[in-house]
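Structure record follows, encoded as structure tokens.
The values are calculated or read from the model by the stated rules, or taken from the named source; none is laboratory data. The structure presented is a predicted model; accordingly, all values stated were derived computationally and were not measured. No Cβ is skipped: glycine too gets one built from the backbone with ideal geometry, and neighbour counts run over all protein chains shown.
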């Protein structure tokens, strides 16, 4: 026999807050992983790390977008920036900016994500 449970909006808010609190350890571990891989962040490795941390399956995918920056051309350098996006079931879960060599960009991430080291959408879990 099935039971029907009715949830109020406050119940849903409480459940979401609880999930966020419980996932903070994983977010801290992800932050430490980013810090230890500052010089090279592979989209595939990042995707696998997120899958492992949050117990996600086949719905996770990653893709990159390149932002052209012609500022380095006069110096013979490539200043392009790459946005790595990890999606879970089509929703953006995680975003981070890296340089052309896949090294972490402190300033761009802080500017883009309002002082945070990366974008993380806990509602996409």
> Of the residues in the range 53-75, how many are more than 13 Å from the chain's Cα centre (by Cα) and either surrounded by 15 or more Cβ atoms within 10 Å (Cβ to Cβ) or over 16 Å from residue 125 (Cα atoms) (or both)?
Replying inline: 12
>> Can you pull out every residue in the range 99-111 that is closer than 23 Å to residue 49 by Cβ and either in contact with a helix residue (DSSP H, G or I) (Cβ under 8 Å, 6 or more places away or on another chain) or not in a strand (DSSP E or B) (or both)?
In response: 100, 101, 102, 103, 104, 105, 106, 108, 109, 110
>> Any residue at all in the range 77-98 that's part of a loop (DSSP other than H, G, I, E, B), surrounded by 14 or more Cβ atoms within 10 Å (Cβ to Cβ) and modelled with pLDDT of 95 or more?
In response: no
>> Among the listed residues 31, 11, identify the single one that is farther than 20 Å from residue 102 by Cα and either in a helix (DSSP H, G or I) or at pLDDT 95 or above (or both).
In response: 11
>> Take the conditions touching a strand residue (DSSP E or B) at 6+ places or on another chain (Cβ under 9 Å), surrounded by 13 or more Cβ atoms within 10 Å (Cβ to Cβ), closer than 19 Å to residue 108 by Cα and free of Cβ contacts under 8 Å to residues at least 60 places away in the same chain and apply them to residue 30. Does it pass?
In response: no
> Within the range 112-124, is even one residue farther than 22 Å from residue 55 by Cα and outside any loop (DSSP other than H, G, I, E, B)?
Replying inline: yes
> Does the range 34-52 hold any residues that are out of contact with any strand residue (DSSP E or B) (no Cβ under 8 Å at 6 or more places or on another chain) and surrounded by 16 or more Cβ atoms within 10 Å (Cβ to Cβ), and which are they?
Replying inline: 49
> Is it true that some residue in the range 50-58 is within 13 Å of residue 98 (Cα to Cα) and either touching a helix residue (DSSP H, G or I) at 6+ places or on another chain (Cβ under 6 Å) or not in a strand (DSSP E or B) (or both)?
Replying inline: no
> Since residue 20 meets every condition but one in (1) modelled with pLDDT of 80 or more; (2) under 15 Å from residue 94 (Cα atoms), which condition does it not meet?
Replying inline: (1)
